[in-house]
Structure formats: structure tokens, C-alpha cells
1. On the basis of being over 29 Å from residue 279 (Cα atoms) and either without any contact (Cβ under 8 Å) to a residue 40 or more places away in the chain or not in a strand (DSSP E or B) (or both), does residue 176 make the cut?
2. Taking the residues in segment 124-169 that are within 21 Å of residue 202 (Cα to Cα), polar (S, T, N, Q) and part of a loop (DSSP other than H, G, I, E, B) as candidates, determine which candidate is least open to solvent (accessible area, probe 1.4 Å).
3. Quick one: which residue in 112, 120 is part of a helix (DSSP H, G or I), open to solvent by less than 10 Å² (accessible area, probe 1.4 Å), at pLDDT 95 or above and touching a Lys or Arg at 6+ places or on another chain (Cβ under 9 Å)?
4. Just name the residue that is farthest from residue 103 (Cα to Cα) out of those in segment 157-206 that are within 14 Å of the chain's Cα centre (by Cα) and among the aromatic types (Phe, Trp, Tyr).
5. Can you name every one of the helices (runs of 4 or more DSSP H) wholly within segment 1-109 that holds 1 or more residues which are more than 18 Å from residue 174 (Cα to Cα) and not hydrophobic (A, V, I, L, M, F, W, C)?
6. Out of all the residues in segment 67-78, which are within 16 Å of residue 11 (Cβ to Cβ) and either among the charged types (D, E, K, R) or open to solvent by 30 Å² or more (accessible area, probe 1.4 Å) (or both)?
Amino acid sequence: MLASILILFCNKSNITRRCLPSLLETTHRPLQFVLVDNGSTDDTPELLDAFEADCKRDGEATVRRLRFDENVGAVAGRNAAFGELEGDAVAFLDNDVRVRRRDWLTRLLDVLNADPAVGLVAGKLRYPFEPHLIQSAGCDVSPTGRVDFRGRGLPGETPDFNRPCDVQAAISACWLVRRSVIRAVGDLDMRFHPVQFEDIDYCYRIRQAGWRCRYEPLAEMYHFENTTTEGEVAPKRYIRLTLEQGKKFKDKWQAVFSKENGKLDSDMVWREVSRVPLNALPDPPLL
């Protein structure tokens with residue numbers, strides 16, 4: 001089965017250098033990469049050139065590229081790329097992920113192939129530094145609309161997050177969606193332009209259309225967390241944007257999440273995880 005991998009880039013070539021080479025370690029073939037350059041002004045275009053050449057040498061990986069003269073945002077950038085997709089399944093990745101398990105995509109595809117009622121499946125995201133704690137194992141949404149990353153800051157082997165399960169939502173740093181679901185559900189909602197909560201909203205739209213969202217713990221990727229958007233929006237503006245987008249999500253879906261019996265706000269704990277400076281961090285191991 002042909003799988004498409006959709007990634008957006010806007011500068012941050014230092015993190016892209018860690019992402020792209022690891023993707024060709026993915027065991028599944030054939031692959032189509034749809035790479036969207038959102039107005040990069042650093043050496044990102046040269047990195048994408050080199051990666052495209054690597055894909056040609058691979059022989060079973062093709063590349064389709066889009067380029068914007070300025071950063072049009074994550075929502076518009078992904079929407080523009082939808083028309084370039086050829087795979088029966090589409091992986092959304094951020095450029096601040098790195099492959100942890102080479103069979104990550106095979107694991108996600110197995111979930112979709114096993115159950116036609118599953119429209120989207122997300123993997124386990126882990127921090128790229130020892131002891132590789134969980135960054136996100138899907139998302140809980142409380143009855144008030146608060147979003148929590150399942151397992152954040154806990155050991156990767158924590159039993160509750162080593163079992164496949166349905167989830168209310170997941171962040172789009174690493175998920176796999178049927179292309180037929182994208183056709184049915186449509187573009188990402190531009191009310192969440194330029195970024196934030198568009199992925200949580202999309203999960204709710206998929207579920208509203210009758211499919212389930214699933215979590216698969218054996219599909220593991222490293223996630224450098226927040227490096228994709230860091231510096232693109234001023235810190236105070238980023239906080240304000242997150243709050244604004246969160247309110248839009250709550251206004252749109254309150255009638256749904258208020259009746260889902262989700263995790264209570266009082267039970268949501270945002271564990272602080274000490275970050276390791278990127279330039280001091282060796283490439284984490286591939287498994």
C-alpha cells in the first residue's frame with residue numbers, strides 16, 4: 001500500500017537535519033513524501049533538495065514539493081498539500097520528530113487495515129533525551145474542553161500507555177489518516193489559522209463523521225516538542241493564540257465533549273519536563 005507522508009517546514013533547518021534522514025529508515029515501502037516549504041529563509045530548501053535526491057536513490061520513495069514565499073501557517077499549508085496526496089493513507093508529521101522505531105508506519109497501517117471503523121491512528125511520542133519519557137500518547141479532553149497529553153512526563157513503559165485504545169483526540173505531530181477520510185471530512189478548519197487546535201478539531205470531525213480515533217503504542221517517534229513553532233510567534237502572542245484557539249475549540253465542540261465523560265480537569269497534571277538544549281543533544285537511537 002502506498003503511504004503518503006506530509007510534512008511542513010519553516011526554517012529550523014537544525015531540527016530538519018535530524019528529522020529527514022531518519023524517515024528513510026522507515027521500513028514500509030512504497031512511500032510518497034509531500035514536503036511543504038512555508039517560506040523558509042535559511043538552508044531548508046537545500047536540505048529538501050538533498051532529501052529528494054536520497055529518495056530517488058532509494059527507488060521506492062517519491063517526493064512532491066510545494067513552496068510558499070511566506071509562512072501561510074500550518075492549516076493553510078496542509079490544506080494546500082491535500083491535492084498532492086497519492087497514498088491510501090496519509091501520515092501527518094511535524095519536522096521536529098525523528099523516527100524511534102523503524103516499523104512505526106507499518107504499525108499504524110496495521111491498525112487501519114485491521115478495522116475499517118478506525119479513521120485515524122496516532123503513535124506514541126517520546127522525548128529525544130534520556131530516559132525518553134512519554135511526550136504524548138494521544139489526548140484526553142475534559143468535560144469543560146481542557147486538553148491533556150496522555151502520559152506526558154511518565155516512563156515510556158507505563159502500563160496504561162502501553163495498551164492500544166480509542167482516544168478522544170491526538171496531536172498531529174505523528175498520526176495516520178485514511179485518505180478516504182480526508183476526502184469525506186474535508187480541509188482543516190481555517191478558523192484555527194495559523195496553528196493550534198486544528199488537529200484536535202480534526203479528530204472531533206472524524207469522530208463526528210462516524211470513524212474512531214485510535215492510539216497505537218508500538219508506533220514510536222521522538223518529538224522535540226514546540227521547536228516547530230518556537231520563534232515563529234512571539235512568546236506572549238503564542239500564549240494568547242493558544243488561549244484564543246482553545247476557546248474556538250470549546251465553543252465549537254462543547255455539546256460533544258461535555259457529554260463524553262472525559263478525564264476531569266482536577267485529574268489532569270501537566271508534568272514539567274526539563275528540556276535539553278538541541279545543540280547538546282546527540283541523535284537518539286533508532287530501534
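1. Against the criterion (over 29 Å from residue 279 (Cα atoms) and either without any contact (Cβ under 8 Å) to a residue 40 or more places away in the chain or not in a strand (DSSP E or B) (or both)), residue 176 does not qualify.
2. If we filter segment 124-169 for residues that are within 21 Å of residue 202 (Cα to Cα), which is where we start, we get 124-125, 135-150, 164-169.
Going one step further and asking which of them are polar (S, T, N, Q), we end up with 135-136, 142, 144, 168.
In the following step, the residues that additionally are part of a loop (DSSP other than H, G, I, E, B) were identified as 142, 144, 168.
Working: 142: 0, 144: 76, 168: 28 Å².
Restricting to residues being within 21 Å of residue 202 (Cα to Cα), polar (S, T, N, Q) and part of a loop (DSSP other than H, G, I, E, B), the top hit is 142.
3. Values: 120 fails: part of a helix (DSSP H, G or I).
So the residue among 112, 120 that is part of a helix (DSSP H, G or I), open to solvent by less than 10 Å² (accessible area, probe 1.4 Å), at pLDDT 95 or above and touching a Lys or Arg at 6+ places or on another chain (Cβ under 9 Å) is 112.
4. Among them, the one singled out is 197.
5. On the way: elements: 13-23, 44-58, 74-81.
Of the helices (runs of 4 or more DSSP H) lying wholly inside segment 1-109, those with at least 1 residues that are more than 18 Å from residue 174 (Cα to Cα) and not hydrophobic (A, V, I, L, M, F, W, C) span 13-23, 44-58.
6. 67, 68, 69, 70, 71, 72 - these are the residues of segment 67-78 that are within 16 Å of residue 11 (Cβ to Cβ) and either among the charged types (D, E, K, R) or open to solvent by 30 Å² or more (accessible area, probe 1.4 Å) (or both).
Here's the yes/no breakdown for (1) touching a Pro at 6+ places or on another chain (Cβ under 7 Å); (2) surrounded by fewer than 19 Cβ atoms within 10 Å (Cβ to Cβ); (3) farther than 14 Å from residue 3 by Cβ; (4) of a type outside the set (A, V, I, L, M, F, W, C):
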{"position": "25", "(1), (2), (3), (4)": "no, yes, yes, yes"}
{"position": "41", "(1), (2), (3), (4)": "no, yes, yes, yes"}
{"position": "44", "(1), (2), (3), (4)": "no, no, yes, yes"}
{"position": "47", "(1), (2), (3), (4)": "no, no, yes, no"}
{"position": "56", "(1), (2), (3), (4)": "no, yes, yes, yes"}
{"position": "64", "(1), (2), (3), (4)": "no, yes, no, yes"}
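A quick yes/no check of all residues on (1) open to solvent by 80 Å² or more (accessible area, probe 1.4 Å); (2) in contact (Cβ under 8 Å) with a residue 12 or more places away in the chain; (3) not in a strand (DSSP E or B):
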{"position": "188", "(1), (2), (3)": "no, yes, yes"}
{"position": "203", "(1), (2), (3)": "no, yes, yes"}
{"position": "206", "(1), (2), (3)": "no, yes, yes"}
{"position": "219", "(1), (2), (3)": "no, yes, no"}
{"position": "270", "(1), (2), (3)": "yes, yes, yes"}
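The values are calculated or read from the model by the stated rules, or taken from the named source; none is laboratory data. Model, not experiment: these values are computed from the prediction. Glycine also receives a Cβ, built like all others from the backbone with ideal geometry; neighbour counts cover every protein chain displayed. Note: accessible area is taken over every heavy atom of the protein model, side chains too, but ligands, DNA and RNA are not part of it. Shrake-Rupley method; radii C 1.70, N 1.55, O 1.52, S 1.80 Å.
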